[in-house]
Every structure is written in C-alpha cells, then in structure tokens.
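Here's the structure, in structure tokens; my notes come after.
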Amino acid sequence: VSYPDFLYQYYRPRYPQWDLEFRNLGTGYYTAEHALALYNGESGIYDAALEGITKAVIMFGMNEALDGGDPERYIQNIRALTELLEEKGLESTDIILVAPTPFDQTRTSNYQEDGQMNAHFDDLLTEYTSGLRILAEELGTYYIDLHTPLLWATTMVQKENGDATLTIDDSVHPS
C-alpha cells in the first residue's frame with residue numbers, strides 16, 4: 001500500500017463529491033535530483049503522469065542522506081522541482097514541501113561496543129529539514145515537518161527501551 005492509497009482512503013469517503021485522483025510520481029531509491037531529471041526531460045524519458053496535476057506533495061531526503069548528499073544541493077534540487085511544477089501551472093500554494101522522516105540513529109543497536117555511533121544519516125536529515133522550512137517560507141509553499149515530531153517521539157520510546165524504534169529494522173522506514 002502506498003502513500004497515495006492512504007490519502008485516497010482518507011479523502012474519498014469524506015468528500016465523495018470531489019473528483020479526486022492521486023498519483024505517486026516517486027520511485028524507490030529516487031532522490032530529488034533523479035525526479036528533476038525525469039520530469040524536466042533530461043532523462044530522455046517522458047512521464048505523462050505529471051501532466052494535469054493540480055496539487056503536489058514533494059518529499060525527498062532519505063535517499064540523499066543515505067548517499068551523504070550535500071544539504072545545499074538537496075535544497076537546490078527541491079527548489080528546482082518546485083519551479084518546474086510552477087512552470088506546469090501550479091501555484092506555490094498548490095505545493096506542499098514535506099520534511100523526511102528520521103533515520104533512527106540513536107537506538108542502542110546503532111552503536112559499536114566502543115560507544116561510537118554506526119550511522120549519522122539523521123544529522124543530514126536534520127539539516128535538510130531546517131533548510132526545507134526556510135525554502136518553503138521563501139517560496140510561499142506549504143510545509144509539513146515529519147522529521148522533528150517523529151524524532152521527538154523516538155526519543156520518548158527510547159527512554160523506556162534504548163533499542164525501541166518507530167521504524168522497521170532498517171532504521172529508515174516508519175513502522
């Protein structure tokens with residue numbers, strides 16, 4: 001089940017009079033840079049799914065962080081995606097920028113015996129989140145921060161059990 005399925009199941013029964021269609025234009029392992037290349041024509045592939053959309057939710061970051069992506073480059077790509085959508089006819093208020101969910105780097109199983117943390121991916125996600133908030137204000141888009149509240153919730157569950165997590169075993173995907 002994908003995110004558009006959840007959204008559809010939420011809105012369709014509540015607003016049956018609305019003519020709704022949800023499209024998931026993301027692909028596993030894609031970054032904002034991949035999406036930009038696909039939808040601005042650089043990839044040599046044309047995806048008609050972008051045509052005719054009236055609202056857009058942009059959520060990238062986890063794959064960039066796992067690849068060690070520079071926060072400034074991440075924000076540049078999100079800006080370019082937003083501009084591309086505006087060129088396609090969307091207003092800034094039709095676009096929602098969503099901060100990525102956290103990478104659970106604080107669970108006890110993410111530490112070596114000497115106390116060193118195995119992975120620091122969430123440090124990048126934290127930088128992406130603050131940059132995305134600023135970008136949304138600058139562009140006049142909506143903004144949803146999934147990162148900060150889920151990170152807070154993670155710290156709460158780990159007070160009781162240091163290896164508790166809100167993700168599946170990969171420390172990436174929310175459970």
Rounded to the nearest 10 Å², what accessible area does residue 6 show when all protein chains are kept and the probe is 1.4 Å? 130 Å²
GluC sites (Glu not before Pro) restricted to DSSP loop in the range 1-68 with at most 13 other C-beta within 10 Å: 21, 42, 51
Would you work out what percent of the accessible area of the chain, with all protein chains in place, is carbon or sulfur (probe 1.4 Å)? 53 percent
Nearest 20 debye, what's the magnitude of the dipole of the chain about its Cα centre given +1 on Lys and Arg Cβ and -1 on Asp and Glu Cβ? 600 debye
Convex hull of the chain built on C-alpha atoms - directionally averaged projected area, nm²: 11.6 nm²
How do 130-143, 157-170, 72-85 rank on mean C-beta neighbours within 10 Å, highest first? 72-85, 130-143, 157-170
Could you report the accessible area of residue 18 in Å², rounded to 10, computed with a 1.4 Å probe on the protein chains as they sit in the structure? 110 Å²
Debye, to nearest 20: dipole size of the range 89-175, +1 on Lys, Arg Cβ, -1 on Asp, Glu Cβ: 180 debye
Keeping every protein chain present and rolling a 1.4 Å probe, give me the accessible area per residue for the chain in Å². 61 Å²
Of the DSSP H helices in the chain, those whose Cα atoms cover at least 18 Å axially and whose Kyte score averages -0.5 or more: 121-139, 147-160
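The values are calculated or read from the model by the stated rules, or taken from the named source; none is laboratory data. Predicted model, so just to flag it, every value in this text is computed and none were measured. So basically every Cβ, Gly included, is an ideal-geometry build from the backbone, and we count neighbours across all protein chains shown. Keep in mind that these areas ignore ligands, DNA and RNA; they rest on the heavy atoms of the full protein, side chains included. Shrake-Rupley method; radii C 1.70, N 1.55, O 1.52, S 1.80 Å.
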